[in-house]
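To start, the structure under review is shown below, and the notes come after it.
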Amino acid sequence: MPFKRSRTALSVVSVLALALGLAACGSEAGSDRPAAADGGKGAAPSAAKSSTPPKPTKVLMPTGPEAEFKKIRDTAAGPIRATTLTGPKSGVTAKVWVWLPPEYNDPKYAKTGFPVLTLYAGGQSANYNTWTDNQLPIQEIGAEMSKAGKAHPFIMVMPVQNLDTNEAKALECSDIPGQPKIGTWMAQDIPDFVRANFRTVKGRDGWGLMGASTGAFCSAKLALQHPDVFKAAVPIDGYFNPDSPLWKGHEAERLANSPGELITKGADVRMLATAGGANPNELKVVKTWVAKAAAPTTVEYYEQPGGKHLTTDFKKMIPATLEWLTKNLAGPEHD
């Protein structure tokens, strides 16, 4: 699937080719140690003996404590499990679904750290997630693509986005004043939870986000707000202006959590923004947002021919979005 860059976006962001290099890990210098004396026959000159510094690792082993998971559903590519997480930093308690790629439990990969992809659903996503119920079977597609060498074997994490099904109480993946700190839960507690339980890649290079509709808003916002945590994001058919009624009376905070404003600040992240070709309003919203990107933010744009704002059309884009994420995120790292 070819991804098109809008002419306006190209004029704003000169590095849309996304040729950013991965940061190299440094190592500590070795130390010299004196040789032993020669049995009391006089002071012998010390012989310098260099030690080889240990090879730096990019693998982060689970730090604990280990969460209790319950199997929710079997897929052709392994089970989807869930747990309830109370975030130490946010105080939010909500459900998180996790799927591990088949490679994760293969003994050959026992010392391998895996990249992490967090997935956000459309709508309220209060106690449900369309990435877990087979509407968007990304687990099976991802496993097949990984087996064929076309995609990384991602750990897939699918958190709840809201605590209430009422749209008037939409939290928009943000810390809205006076409301549960769901933004902190997503940007800090969820990554900490993943690192506590699974073998991951150190640093941000192996951490990506993807979401559709409301989930697109979340993936774009969190990546732009936290480039120290996430390197890449794919907002699918999204909106970028916070509009929850809960923002009333908090305009400064609303703008601080607006992807429409954040895209102009120049966060060091890579994104692929998509829009359905059958929806003129959506095309305008996404193209306008892409055109506002300021370096070093890089945004590629894809317009799905005839695409509608439907889960069935989001599903068709899974292979291409996984390929893009694989090109823009680090793969598994081995000790």
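Within the range 202-251, being part of a loop (DSSP other than H, G, I, E, B), closer than 14 Å to residue 275 by Cα and either in contact with a Pro (Cβ under 9 Å, 6 or more places away or on another chain) or aromatic (Phe, Trp, Tyr) (or both) holds for 238, 239, 240.
Note on the range 290-312: among residues that are part of a helix (DSSP H, G or I) and touching a residue at least 60 places away in the same chain (Cβ under 8 Å), the one that is nearest to residue 154 (Cα to Cα) is 311. For the range 106-125, a residue qualifies if it is over 15 Å from residue 94 (Cβ atoms) and among the hydroxyl-bearing types (Ser, Thr, Tyr), and the qualifying residues are 109, 112. Filtered by the rule that a residue be surrounded by fewer than 24 Cβ atoms within 10 Å (Cβ to Cβ) and in contact with a helix residue (DSSP H, G or I) (Cβ under 9 Å, 6 or more places away or on another chain), the range 208-221 gives a lone residue, 213. Can you confirm whether the range 168-177 contains a residue that is under 25 Å from residue 332 (Cβ atoms) and not small (Gly, Ala, Ser)? For the range 168-177, residues under 25 Å from residue 332 (Cβ atoms) and not small (Gly, Ala, Ser): absent. Within the range 100-144, if we keep just the residues that are touching a His at 6+ places or on another chain (Cβ under 9 Å) and of a type in the set (A, V, I, L, M, F, W, C), the residue that is nearest to residue 209 (Cα to Cα) turns out to be 117. Within the range 97-124, being part of a loop (DSSP other than H, G, I, E, B) and either over 20 Å from residue 313 (Cα atoms) or within 18 Å of the chain's Cα centre (by Cα) (or both) holds for 100, 101, 106, 110, 111, 115, 121, 122.
All of 316, 327 fail the test of being without any contact (Cβ under 8 Å) to a residue 40 or more places away in the chain, surrounded by fewer than 18 Cβ atoms within 10 Å (Cβ to Cβ) and of a type outside the set (Gly, Ala, Ser), apart from 316.
Looking only at the range 250-268, residues that are at positive phi and either acidic (Asp, Glu) or in contact (Cβ under 8 Å) with a residue 60 or more places away in the chain (or both) come to 0 in all. All but one of (1) out of contact with any Gly (no Cβ under 7 Å at 6 or more places or on another chain); (2) modelled with pLDDT of 95 or more hold for residue 115, so report the exception by its number. Status for residue 115: all satisfied but (1).
On the given criteria, is residue 219 among the hydroxyl-bearing types (Ser, Thr, Tyr) and touching a strand residue (DSSP E or B) at 6+ places or on another chain (Cβ under 8 Å)? Considered against the rule, which asks whether it is among the hydroxyl-bearing types (Ser, Thr, Tyr) and touching a strand residue (DSSP E or B) at 6+ places or on another chain (Cβ under 8 Å), residue 219 comes out as yes. Listed by first and then second residue, the pairs with beta-carbon distance under 6 Å, at least 6 apart or on different chains, first residue in the range 196-219 and more than 30 Å from residue 244 (Cα to Cα), second hydroxyl-bearing (Ser, Thr, Tyr), are 196/63.
Residue 254: under 23 Å from the mean Cα position of the chain (by Cα) and under 27 Å from residue 200 (Cα atoms), yes or no? Walk me through how you get there before you give the answer.
On the way: under 23 Å from the mean Cα position of the chain (by Cα): yes; under 27 Å from residue 200 (Cα atoms): no.
Against the criterion (under 23 Å from the mean Cα position of the chain (by Cα) and under 27 Å from residue 200 (Cα atoms)), residue 254 does not qualify.
When you check residue 272 against the structure, is it touching a helix residue (DSSP H, G or I) at 6+ places or on another chain (Cβ under 6 Å), under 23 Å from residue 144 (Cβ atoms) and not in a loop (DSSP other than H, G, I, E, B), yes or no? Yes.
The values are calculated or read from the model by the stated rules, or taken from the named source; none is laboratory data. Quick caveat, the model's predicted, so the values are computed rather than measured. No Cβ is skipped: glycine too gets one built from the backbone with ideal geometry, and neighbour counts run over all protein chains shown.
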